[in-house]
1. Any idea what diffusion coefficient segment 1-71 gets from Stokes-Einstein, in µm²/s, Kirkwood Rh on alpha carbon pairs, 25 °C, 0.890 mPa s?
2. Between residue 45 and residue 100, how high is the FRET efficiency from 1/(1 + (r/R0)^6) when r is the Cβ-Cβ distance and R₀ = 25 Å? Nearest 0.05.
3. Counting only protein heavy atoms and a 1.4 Å probe, tell me what percentage of the chain's accessible area is made up of carbon and sulfur.
4. So, taking all protein chains as they sit and a 1.4 Å probe, how much accessible area belongs to residue 75, in Å² rounded to tens?
5. What do you get when you divide the Cα radius of gyration of the chain by 2.2 N^0.38 Å, with N the number of residues?
6. With a 1.4 Å probe and all protein chains kept in place, how do 89, 72 rank by accessible area, largest first?
7. Taking θ as phi - 60°, what are the ³J(HN,Hα) couplings along segment 104-120 by the Karplus curve (6.51, -1.76, 1.60), each to the nearest whole Hz, with x for Gly and Pro?
8. Per residue, what accessible area does segment 47-120 have, given a 1.4 Å probe and all protein chains present, in Å²?
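The values are calculated or read from the model by the stated rules, or taken from the named source; none is laboratory data. Note that the structure is a prediction, hence the values are computed from the model and not measured. Methodologically, a virtual Cβ is constructed for each residue, glycine included, from the backbone with ideal geometry; neighbour enumeration extends over all protein chains shown. The area values use the complete protein model at the heavy-atom level, side chains included, leaving out ligands, DNA and RNA. Shrake-Rupley method; radii C 1.70, N 1.55, O 1.52, S 1.80 Å.
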Amino acid sequence: QVQLVESGGGLVQPGGSLRLSCAASGSIFSIDVMGWYRQAPGKERELVATISSRGTIKYADSVKGRFTVSRDNAKNTVSLQMNSLKREDTAVYYCNVHCVTSMFGGLDYWGQGTQVTVSS
């Protein structure tokens with residue numbers, strides 16, 4: 001069984017910073033992509049940032065220049081440094097890990113979610 005443990009959420013003022021971390025453990029076949037998604041009240045879950053095993057990174061347009069995603073392949077961890085936070089960033093943030101099980105596909109694992117609230 002694969003387990004994801006998230007940490008770092010909380011309350012921050014607009015313009016402030018937070019760092020989210022996620023550690024994967026258990027029976028992992030092969031991790032391909034790790035990243036973060038978020039869901040605000042009344043909205044669909046959206047991609048925030050992902051990073052592949054080769055280091056290829058994708059960001060949502062709304063966070064480019066403000067957020068930085070990184071990973072440690074040896075430790076199976078992924079982090080999200082969030083700077084210049086806005087009220088619009090308020091959401092539940094979910095860690096995601098995509099594992100390749102065969103050449104035909106893979107499996108997705110999700111963290112329990114951590115609340116990030118940006119408010120003055």
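1. 177
2. 0.65
3. 49
4. The value for residue 75 is about 140 Å².
5. Ratio of Rg to 2.2 N^0.38 Å for the chain: 1.04.
6. 72, 89
7. Using θ = phi - 60°, the values come out as 9, x, x, 10, 10, 10, 10, x, 6, x, 10, 7, 10, 10, 10, 7, 9 Hz.
8. 54
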